[in-house]
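Report on the following structure.
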Amino acid sequence: MTDAVTVGRLAALAELVLQDRLGKLRAAAAARARTAGQIAALAEQPVAGMDPLVAAQASLRYQQWADARRQEMNLVLARQTAAWMTAHARAAEAFGRAEVIATLASRARRKP
């Protein structure tokens, strides 16, 4: 096997690794976005047409529940952010490797 063929195969493998890591990065970003959206959805909805006292009680109970849920979801979001950061770093590393190998493959093809 020639150097050009070997480096070409290595370039193809590096591209596969890059695509895998980018897929994992997209999945981590989507999970983070979903959780952030769920946290944002916990904002209190106005209660219309209720007695003011009943509305205030309902609002207070909802806020207590929403605060507890927000705490839980913030922990999930923190874990997802850490996973996203790891996936980002791994994708960046795979991109760098794929670029270097692609350059080497290009040079190997041009060699007489």
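Rule-based calculations on the coordinates, nothing more; no lab input. The structure presented is a predicted model; accordingly, all values stated were derived computationally and were not measured. A quick note on method: Cβ atoms are made from the backbone with ideal geometry, for glycine too, and the neighbour counts reach across all protein chains shown.
Dividing the convex hull volume of the alpha-carbon atoms in region 3-110 by its residue count gives 84 Å³ per residue.
Under the convention that each Lys and Arg Cβ holds +1 and each Asp and Glu Cβ holds -1, the size of the dipole of region 3-110 around its Cα centre is about 540 debye. Along the positive direction of the dipole of the chain (beta-carbon charges: Lys, Arg +1; Asp, Glu -1; about the Cα centre), which of Pro52, Ala29, Leu104 reaches farthest? So the residue we want is Leu104.
Computing FRET efficiency as 1/(1 + (r/R0)^6) for Ala82 and Gln19, where r is the C-beta to C-beta distance and R0 is 22 Å, gives about 0.45. Listed values for region 18-24 are Karplus-derived 3J(HN,Hα) couplings in whole Hz (6.51 cos²θ - 1.76 cosθ + 1.60, θ = phi - 60°), namely 4, 4, 4, 5, 5, x, 5, and x replaces Gly and Pro. Note: relative contact order over region 8-103, using C-alpha pairs below 8 Å and six or more positions apart, is 59 percent.
Phi angles of region 77-88 translate, via the Karplus equation with coefficients 6.51, -1.76, 1.60 and θ = phi - 60°, into HN-Hα couplings of 4, 5, 5, 5, 5, 5, 5, 5, 5, 5, 5, 5 Hz per residue; Gly and Pro are given as x.
With a Förster radius of 41 Å applied to the C-beta separation of Ala12 and Gln38, the computed FRET efficiency comes to 0.55.
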